[in-house]
1. Could you look through segment 25-53, keep only residues that are surrounded by fewer than 18 Cβ atoms within 10 Å (Cβ to Cβ) and of a type in the set (S, T, N, Q), and pick out the one that is nearest to LEU4 (Cα to Cα)?
2. Here are the criteria: (1) crowded, with 19+ Cβ neighbours inside 10 Å; (2) among the β-branched types (Val, Ile, Thr); (3) over 18 Å from LEU18 (Cβ atoms). Tell me which single one THR106 does not satisfy.
3. On the phi > 0 side of the Ramachandran plot, modelled with pLDDT of 95 or more and either open to solvent by 30 Å² or more (accessible area, probe 1.4 Å) or out of contact with any Cys (no Cβ under 7 Å at 6 or more places or on another chain) (or both): which single residue out of GLY15, GLY9 fits that description?
4. Just one of SER62, SER120, SER56 is touching a residue at least 60 places away in the same chain (Cβ under 8 Å) and exposed (fewer than 15 other Cβ atoms within 10 Å of the Cβ); which is it?
5. Condition first: touching a residue at least 60 places away in the same chain (Cβ under 8 Å), surrounded by 13 or more Cβ atoms within 10 Å (Cβ to Cβ) and of a type in the set (Gly, Ala, Ser). Can you find one or more residues in segment 74-89 that meet it?
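The values are calculated or read from the model by the stated rules, or taken from the named source; none is laboratory data. Keep in mind the model is a prediction, meaning the values are calculated, not measured. Every residue, glycine among them, receives a Cβ derived from its backbone with ideal geometry; neighbour counts consider all protein chains shown. Keep in mind that these areas ignore ligands, DNA and RNA; they rest on the heavy atoms of the full protein, side chains included. Shrake-Rupley method; radii C 1.70, N 1.55, O 1.52, S 1.80 Å.
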Amino acid sequence: QVQLVESGGGLVQPGGSLSLSCAASGRLLSINHMGWYRQAPGKQRELVASITSDGSTNYAESVKGRFAISRDNAKNTVYLQMNSLKPEDTAVYSCNAGVKYSYYRTTSVFWGQGTQVTVSS
């Protein structure tokens, strides 16, 4: 019913930039947080960046100053602008959102399908 449609992954050279987007669709009432996670091979999934409904952001230390998360509430979309990419940024990036879709339940977390970001020369 609620889906997160993700796009923007791909191959980029070190030092390059890449933009990810993820749009929530379906019958929903509101969206609280939206965020991006990543998981590299052999590593635990980690929070990359998150943003609240009022625009407050949080970043992993490893990406501060390089990545920027933003959202368009009217479009139910979250973005991740990634600059100065490093090989260690290579991972599957997944978006998520805390979505309220029922008046009778609290928010539920939905995940996008994940998109591969590869930083390599």
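1. Applying the filter and picking the extreme gives SER25.
2. The failed condition is (1).
3. Details: GLY9 fails: on the phi > 0 side of the Ramachandran plot.
GLY15 is the lone residue from the list that is on the phi > 0 side of the Ramachandran plot, modelled with pLDDT of 95 or more and either open to solvent by 30 Å² or more (accessible area, probe 1.4 Å) or out of contact with any Cys (no Cβ under 7 Å at 6 or more places or on another chain) (or both).
4. SER120
5. For segment 74-89, residues touching a residue at least 60 places away in the same chain (Cβ under 8 Å), surrounded by 13 or more Cβ atoms within 10 Å (Cβ to Cβ) and of a type in the set (Gly, Ala, Ser): present.
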